[in-house]
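Peer 1: Structure below; questions to follow.
The values are calculated or read from the model by the stated rules, or taken from the named source; none is laboratory data. Predicted, not measured: the structure shown is a model, and the values here were computed from it. So basically every Cβ, Gly included, is an ideal-geometry build from the backbone, and we count neighbours across all protein chains shown. Areas reflect the complete protein model, heavy atoms only, side chains present, ligands, DNA and RNA absent. Shrake-Rupley method; radii C 1.70, N 1.55, O 1.52, S 1.80 Å.
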Amino acid sequence: MRKKLVLIQLSRALVPLLVMLHHLSTTMMDYYGFNIWNLAYLPLTGGVYYFFSLSGFMAYYIYRKNFSKVGQLKDFLLNRFIRIYPLYWAVTIAFLILAFLFPWFATGAERDPTVILTSIFLVPNPDWQDPFLIVAWSLEYTIYFYLMFSMLFLNPRVLGRALFIGWGVLSFLGVTGIVYIDHFLFDFLFATYNFMFIAGVVCAWLILNAKIPVGLGYLFMAIGLIGFPVTWVNALNPFMDISFELSASVSIMFLLIGLGVIDLKQDIRIPNALHQLGDAAFAIYLVHNVVLDLFSEWMDQEGLHEVLGNIGMSTVLVILMLFFGILAHFKLELPLHRLFKGWLQINKPPSVAPSDREAATKNT
């Protein structure tokens, strides 16, 4: 059984690519009426949902053997902090500088003290105001999930599991309306997104404990991949009585299980460039919207659309988003990781099982 999750690692790139497509389509629609595959009419493409589920999947896969062990909770929380906050803060500062230099780039919320605080620390805003970086709304839920997941490190183990399951049950009661309190914190703490993280945990548990044939893994992977465009089509022209969130979540679970089964049972190799694209996924995700807004406005003012056309301009914008995202990964994300690990005296990876250590270095 293979332990290195090569396909899962590569699939991380799905997150920024799907989100980029949606934002690009919306931008081109606003400027020139060009709607790529009608994606601008969708609420989302499902990329963020995959990010949620993949976060749950990797958290369980990497740390499952360290629950209840002394010192592991601290390692988990510090590594999660380093994974998210340093790069997020750096990109946020860059956004604020651009907002100062180019007034049209500002959102108007930069002077609101509440928005400033909630944006910096990635906590829910009472008025549901997004962070300065619009895409960072998803990080608020991700951090919340990591805090809930950290309960599994409590000793005795049965207590941590009971609390984690209890959180899932409360989320179900809140989402279904069986229990409801009219307060923004209730809506945040027991949101539908919780189930996407939990679904990722369930997928990781399944591939590790269920004897799923590799052939079935390929079938699941195909169903999951096909499920994304099916979900889009159904959202635009309904032919199934199923919500966008549920359809996307089912597709994601099939995809995660399929990729995980293949990874564990076959020796998969991918080009190093694709491997690095997966590594840079988080940086691309954070940076792409800033790049898109800045260059789409500049290119419009310079009249480049008249030269490049819809397809040409869209292609150039995708290349720019990928370029600056990958640049941010190598020039900001990796150096900041090393810097903060030094400050926080984290000189080694989390104490995971030797067979999982390689996968741990690629955690989402």
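Peer 1: Would you kindly state the longest site-free stretch of the chain, with sites defined as GluC sites (Glu not before Pro) in a DSSP loop (not H, G, I, E, B) surrounded by at most 16 other Cβ atoms within 10 Å?
Peer 2: By the stated rule (loop sites, at most 16 other Cβ atoms within 10 Å), 111-301.
Peer 1: Hey, what angle do you get for helix 47-63 against the long axis of the chain, alpha-carbon based, 0 to 90 degrees rounded to 10?
Peer 2: For 47-63 against the chain, the angle is about 30 degrees.
Peer 1: Something else now. Accessible area per residue, 1.4 Å probe, Å², for the chain: what's the number?
Peer 2: 47
Peer 1: Ignoring ligands, DNA and RNA, please state the percent of accessible area on the range 1-109 from carbon and sulfur, probe 1.4 Å.
Peer 2: Roughly 68 percent, rounded to a whole number.
Peer 1: Further question on the same structure: Where in the range 226-244 does the label zone of residue 187 land, with the point 7 angstrom along Cα→C-beta and an amide N cut-off under 20 Å?
Peer 2: Only 244 fall inside the zone, counting backbone N under 20 Å.
Peer 1: How big is the charge dipole of the chain about its Cα centre, in debye rounded to the nearest 20, if each Lys and Arg gets +1 on its Cβ and each Asp and Glu gets -1 on its Cβ?
Peer 2: 2220
Peer 1: Here's another thing I want to ask about it. Among all stretches of the chain without exposed chymotrypsin sites (Phe, Trp or Tyr not before Pro) (DSSP loop, at most 16 other Cβ atoms within 10 Å), which one is longest?
Peer 2: Answer - 1-127.
Peer 1: Counting trypsin sites (Lys or Arg not before Pro) as exposed when in a DSSP loop with at most 15 other beta carbons within 10 Å, what is the longest stretch of the chain free of them?
Peer 2: 112-210
Peer 1: Report relative contact order for the chain in percent, whole number only (criteria: Cα-Cα under 8 Å, sequence separation at least 6).
Peer 2: For the chain, the relative contact order is 31 percent.
Peer 1: Counting only protein heavy atoms and a 1.4 Å probe, tell me what percentage of the range 174-330's accessible area is made up of carbon and sulfur.
Peer 2: 68
Peer 1: Nearest 0.05, what FRET efficiency do residue 306 and residue 29 give at R0 = 25 Å with Cβ-Cβ as r?
Peer 2: 0.90
Peer 1: Once the dipole of the range 78-216 is set up with Lys and Arg at +1 and Asp and Glu at -1 on Cβ about the Cα centre, which of 123, 103, 87 lies farthest towards its positive end?
Peer 2: Final value for the positive-end residue is 87.
Peer 1: Separate question: Could you state the number of Å between the C-alpha centres of the range 178-231 and the range 133-165?
Peer 2: A separation of 15 Å, based on Cα centres.
Peer 1: Continuing with the same structure: Using a simple charge model, +1 on the beta-carbon of Lys and Arg, -1 on the beta-carbon of Asp and Glu, nothing else, what dipole does the range 231-303 show about its Cα centre, in debye to the nearest 20?
Peer 2: I would put it at about 440 debye.
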